[in-house]
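Undergrad: Structure in structure tokens, see below.
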């Protein structure tokens, strides 16, 4: 439950949640909570976990891809993963589900971007919990670190409940802030200087 800084461990935020500061200037990320799937000296990639794409459902997506109509959870929601490659799909899921193409992010969460995972979800044989997203959030080398230093983001340990809960997306940002123990109204938009 602790806040993690860029100086912890290897300095990277893979497997962490990024929480947009109240003063986030980019409207695409205002009040966003992003699960960081990969972060290295080459950049970072994550998925927004608290924003949906209009009224697009899993059944709609399966129809667009000419795949079997879902027998399990046809009203599953589709998330806006970020503004990069918005037609590309990703499934963030619990790590008990694995394919050869699955990237295990940490011990509890994996990422798969194949049609096979969608088929498995459709027939009820996929991961225990999952989040379907179109598009992703990406940063070039050093870009995320600069945005954090400029007070654009906070980070916190991710947990399965917060990542995959889609019953109350409007309050997921507040819940992520509370996980750090931060009251949003007390945050300043000014970067700290020593």
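The values are calculated or read from the model by the stated rules, or taken from the named source; none is laboratory data. Remember, predicted model here, so these are calculated numbers, not experimental data. Cβ atoms come from the backbone with ideal geometry, glycine included; neighbour counts cover every protein chain shown.
Undergrad: Could you tell me whether the range 51-72 includes any residue that is closer than 17 Å to residue 165 by Cα, in contact with a helix residue (DSSP H, G or I) (Cβ under 6 Å, 6 or more places away or on another chain) and either at pLDDT 90 or above or surrounded by 22 or more Cβ atoms within 10 Å (Cβ to Cβ) (or both)?
TA: No: zero hits.
Per-residue answers, yes or no, for (1) surrounded by 15 or more Cβ atoms within 10 Å (Cβ to Cβ); (2) modelled with pLDDT under 95; (3) more than 15 Å from the chain's Cα centre (by Cα):
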{"position": "109", "(1), (2), (3)": "yes, no, no"}
{"position": "112", "(1), (2), (3)": "yes, no, no"}
{"position": "128", "(1), (2), (3)": "no, yes, yes"}
{"position": "135", "(1), (2), (3)": "yes, no, no"}
{"position": "160", "(1), (2), (3)": "no, yes, no"}
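Undergrad: Working only within the range 18-55, note down all residues that are outside any loop (DSSP other than H, G, I, E, B), closer than 14 Å to residue 153 by Cα and out of contact with any strand residue (DSSP E or B) (no Cβ under 9 Å at 6 or more places or on another chain).
TA: 27
Undergrad: Touching a helix residue (DSSP H, G or I) at 6+ places or on another chain (Cβ under 7 Å) and over 24 Å from residue 57 (Cα atoms), is that true of residue 131?
TA: no
Undergrad: Checking residue 100 against (1) in a loop (DSSP other than H, G, I, E, B); (2) closer than 29 Å to residue 23 by Cα; (3) free of Cβ contacts under 8 Å to residues at least 12 places away in the same chain, which single condition isn't satisfied?
TA: Unmet condition: (2).
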